[in-house]
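Visitor: The structure follows.
The values are calculated or read from the model by the stated rules, or taken from the named source; none is laboratory data. Here the structure is a predicted model, which is why all the values come from computation and not from measurement. Ideal geometry is used to build each Cβ from the backbone, glycine not excepted, and the neighbour counts take in all protein chains shown.
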Amino acid sequence: MTQRQHTAARLGLGALAGGIAGTAGILAGQAAAAVLPGVTGPVLAVGNRAVDWAPRPLKEFAIETFGDADKIVLIGGVLVTVGLLILALGAVGTKRPRAAVIGFSVLIFIASLAMITDRAATAGVGLRFVAVLATAVVGIGGFIFLLKAWAPARVAPSNDGTSEDPSALSFDRRAFLVAASAVAAVGAAGGVVSRALGGGAAAASREAIQLPAPASPVSALPDGVTFELDGLTPYLTDNADFYRVDTALEVPDVPLEGYVLRIHGMVDNPIELTFEDLLNRDLIERRVTLTCVSNPVGGDYVGNATWLGVPMKELLAEADVQDGADAVKSTSADDFTAGTPLSVLTDDREAMIAIGMNGEPLPLEHGFPVRMVTPGLYGYVSATKWLVDLEVTRFADFTAYWTDRGYSALAPIKLSSRIDVPRSFAQLNSDDTVVGGVAWAQDEGIDRVEVRVDEGEWSDAELGVEDNDQTWRPWRWDWSQPTSGLHRLEVRATDRAGNTQTSQREPIAPNGSTGWHNVTVTVS
Ligand SMILES: Nc1nc2c(c(=O)[nH]1)N[C@H]1C(S)=C(S)[C@@H](COP(=O)(O)O)O[C@H]1N2
Ligand SMILES: [Mo]
């Protein structure tokens with residue numbers, strides 16, 4: 001072996017030791033978290049921290065670039081980073097085992113802190129500590145074991161006067177097999193256990209629910225609410241297709257057993273409600289279009305569903321709100337928070353505490369068992385999922401998850417319109433030229449949608465029959481006799497108050513994008 005080959009082999013062996021021990025530690029922590037309810041494993045705990053600490057532009061980039069896959073990309077990023085660190089520490093460990101073990105322990109310490117303080121964990125600190133211990137003992141123990149096993153004894157100078165390089169490692173096949181099988185065993189056991197516990201308690205609770213008929217059912221869908229047009233967004237969004245935006249890397253598991261919603265703060269009569277209490281009240285059913293502030297111009301973080309729930313106004317009246325309050329701070333089971341104006345929750349738009357979505361209990365991803373639905377406001381200030389706490393308070397006295405990250409405290413949904421058909425870069429024949437899309441101005445209503453081609457005259461689109469002023473409105477426009485070549489279609493909407501969308505492009509931060517959506521198509 002040349003010196004260089006020797007060094008490469010040594011570093012490789014060290015990296016292998018780091019990789020095996022690190023994987024074993026992570027798997028042990030994950031397995032412990034899988035068996036212990038309410039405990040977060042190292043991967044999610046570090047991921048949650050990364051979500052909360054990521055600089056805002058990075059988050060915006062992730063949401064815009066990866067869309068609903070942003071969470072997978074984030075977890076992947078965390079794993080790759082941690083992976084590179086443990087490989088590097090392993091390599092360092094072949095020369096400086098003590099420094100490497102300290103570095104390795106620091107990594108595990110950071111993960112432990114994240115696990116102990118994880119916002120999504122609901123278990124007591126004692127249980128969380130069990131998972132920390134599993135990670136630390138297996139990870140650090142495994143690392144020391146492998147570095148030792150592979151470091152040959154520091155032999156005294158032998159007869160011929162040479163000594164073995166004390167920093168050299170030699171591959172001990174037995175140690176490798178022991179370590180690798182331990183990792184495989186922990187991994188397999190963890191997999192089996194989490195499969196056995198799969199679905200969690202919330203899924204079982206959800207299966208058992210029978211939603212009662214609403215005391216105030218939703219109005220019938222008006223005839224002509226939308227158009228037959230291939231590619232036009234369906235008027236009602238299926239639960240499976242409904243956009244999802246939240247900070248939860250793992251959907252919070254909130255079973256009905258033990259569930260309570262607290263209403264407290266600046267009220268004379270604090271209330272606690274179980275899910276049963278909510279079910280037994282007079283329920284309203286309404287169609288409302290939700291929108292995310294992160295929706296870029298032309299984006300699809302917007303969906304329309306039929307929601308079933310208890311009017312927020314009634315519950316707040318029963319709690320008897322004190323003078324001087326102007327906000328409700330809502331908190332979820334995973335410690336997300338939002339601040340909503342009291343005035344919006346008590347006016348006649350019928351904000352609700354929802355328990356049903358499109359005829360089913362809320363899907364787990366959309367907030368089971370209970371969420372807020374507030375017409376007219378972006379989700380981050382009004383649509384708290386996995387809702388557990390409502391505190392009546394003053395905007396001056398608190399901040400919430402996204403306001404802490406520079407977003408506005410008040411965030412009404414901005415008047416918007418979108419072209420669904422044709423898609424950008426479509427190749428059209430001059431005879432398939434119906435243009436269509438949706439427009440929304442929740443709580444105001446859409447009055448008019450106009451389309452223009454290549455910055456020509458604006459033409460009125462035909463609107464679907466209005467359902468209510470809290471839902472989007474489909475539109476269509478016949479593009480007569482387009483000339484062949486490249487064309488740019490643009491859309492703009494006007495709301496019932498007479499405001500027309502501005503062409504001015506604003507970014508999503510701090511309170512929602514503006515600008516006209518356009519698509520470029522080729523007509524043959
Ligand atoms: N607990 C919790 N609730 C939350 C969020 C969150 O991150 N955590 N995100 C909010 C945001 S930004 C939006 S746009 C809506 C999205 O609701 P959906 O995922 O059901 O479409 O949920 C809101 N409620
Ligand atoms: Mo959002």
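Visitor: Since Leu362 meets every condition but one in (1) in contact with a helix residue (DSSP H, G or I) (Cβ under 7 Å, 6 or more places away or on another chain); (2) surrounded by 23 or more Cβ atoms within 10 Å (Cβ to Cβ); (3) closer than 21 Å to Ala240 by Cα; (4) of a type outside the set (Val, Ile, Thr), which condition does it not meet?
Guide: (1)
Visitor: Let me ask another. For residues in the stretch 334-356 being under 22 Å from Gly445 (Cα atoms) and assigned to a strand (DSSP E or B), which is nearest to ligand 1 (Cβ to nearest atom)?
Guide: Of everything passing the filter in the stretch 334-356, Thr340 is nearest to ligand 1 (Cβ to nearest atom).
Visitor: Name the single residue, out of those in the stretch 469-508 being among the small types (Gly, Ala, Ser) and part of a strand (DSSP E or B), that is nearest to the chain's Cα centre (by Cα).
Guide: It comes out as Ala493.
Visitor: Those residues that are in a helix (DSSP H, G or I) and within 14 Å of ligand 2 (Cβ to nearest atom), I need them from the stretch 366-405; list them, please.
Guide: Within the stretch 366-405, His366, Gly379, Tyr380, Val381, Thr403, Arg405 meet the criteria.
Visitor: What are the residue pairs meeting all of these: first residue in the stretch 328-344, first residue over 15 Å from Tyr378 (Cα atoms) and within 16 Å of ligand 2 (Cβ to nearest atom), second residue assigned to a helix (DSSP H, G or I) and polar (S, T, N, Q), Cβ atoms under 9 Å, and 6 or more apart or on different chains?
Guide: Final answer for the pair search is Asp334/Asn48.
Residues checked against (1) of a type in the set (Val, Ile, Thr); (2) surrounded by 18 or more Cβ atoms within 10 Å (Cβ to Cβ); (3) under 25 Å from the mean Cα position of the chain (by Cα):
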position: Asp300; (1), (2), (3): no, no, yes
position: Pro311; (1), (2), (3): no, yes, no
position: Glu318; (1), (2), (3): no, no, no
position: Gly324; (1), (2), (3): no, no, no
position: Ala327; (1), (2), (3): no, yes, yes
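Visitor: If you go through the stretch 1-34, how many residues are of a type outside the set (Gly, Ala, Ser) and surrounded by 17 or more Cβ atoms within 10 Å (Cβ to Cβ)?
Guide: So the count comes out to 9.
Visitor: Please indicate, with yes or no, whether at least one residue in the stretch 350-359 is at pLDDT 95 or above, under 20 Å from Cys292 (Cβ atoms), touching a Ser or Thr at 6+ places or on another chain (Cβ under 6 Å) and within 15 Å of ligand 2 (Cβ to nearest atom).
Guide: Checking the stretch 350-359: not a single residue is at pLDDT 95 or above, under 20 Å from Cys292 (Cβ atoms), touching a Ser or Thr at 6+ places or on another chain (Cβ under 6 Å) and within 15 Å of ligand 2 (Cβ to nearest atom).
Visitor: Picking from Ala426, Ala439, which residue would you name as being in contact (Cβ under 8 Å) with a residue 24 or more places away in the chain and surrounded by fewer than 20 Cβ atoms within 10 Å (Cβ to Cβ)?
Guide: Ala426
Visitor: Across the stretch 402-413, what is the number of residues that are buried (at least 21 other Cβ atoms within 10 Å of the Cβ) and not hydrophobic (A, V, I, L, M, F, W, C)?
Guide: 1
Visitor: Do we have any residue at all in the stretch 260-272 that's of a type in the set (Lys, Arg), crowded, with 18+ Cβ neighbours inside 10 Å and out of contact with any Phe, Trp or Tyr (no Cβ under 6 Å at 6 or more places or on another chain)?
Guide: Among the residues of the stretch 260-272, not one is of a type in the set (Lys, Arg), crowded, with 18+ Cβ neighbours inside 10 Å and out of contact with any Phe, Trp or Tyr (no Cβ under 6 Å at 6 or more places or on another chain), which makes the answer no.
Visitor: Within the stretch 335-357, how many residues turn out to be over 21 Å from the mean Cα position of the chain (by Cα) and either of a type outside the set (Asp, Glu) or under 15 Å from Asp246 (Cβ atoms) (or both)?
Guide: Looking only at that region, the number is 9.
Visitor: Also, quick follow-up: Give Val225, Val218, Val192 a once-over and let me know the one that is β-branched (Val, Ile, Thr) and surrounded by fewer than 13 Cβ atoms within 10 Å (Cβ to Cβ).
Guide: Only one candidate qualifies: Val192.
Visitor: Out of everything in the stretch 476-492 that is in contact (Cβ under 8 Å) with a residue 60 or more places away in the chain and among the hydrophobic types (A, V, I, L, M, F, W, C), what residue ends up being farthest from Glu466 (Cα to Cα)?
Guide: Top of the filtered list is Leu489.
Visitor: What are the residue pairs meeting all of these: first residue in the stretch 296-321, first residue over 25 Å from Asp238 (Cα atoms), second residue more than 16 Å from ligand 1 (Cβ to nearest atom) and among the acidic types (Asp, Glu), Cβ atoms under 9 Å, and 6 or more apart or on different chains?
Guide: Close Cβ pairs satisfying both conditions: Lys313/Asp347; Lys313/Asp348; Lys313/Glu350; Glu314/Asp282; Ala319/Asp268; Asp320/Asp268; Val321/Asp268.
Visitor: May I ask you to verify whether Arg371 is modelled with pLDDT under 95 and either on the phi < 0 side of the Ramachandran plot or among the acidic types (Asp, Glu) (or both)?
Guide: no
Visitor: Please list, ordered by residue number, the helices (runs of 4 or more DSSP H) wholly in the stretch 27-137 having 1 or more residues that are of a type in the set (Phe, Trp, Tyr).
Guide: 42-53, 56-66, 97-116
Visitor: Is there any pair with a first residue in the stretch 364-383 that is closer than 15 Å to Leu345 by Cα and a second that is assigned to a helix (DSSP H, G or I) and within 12 Å of ligand 2 (Cβ to nearest atom) whose Cβ atoms are under 6 Å apart and which are 6 or more apart or on different chains, and what are they?
Guide: Matching pairs, first to second residue: none at all.
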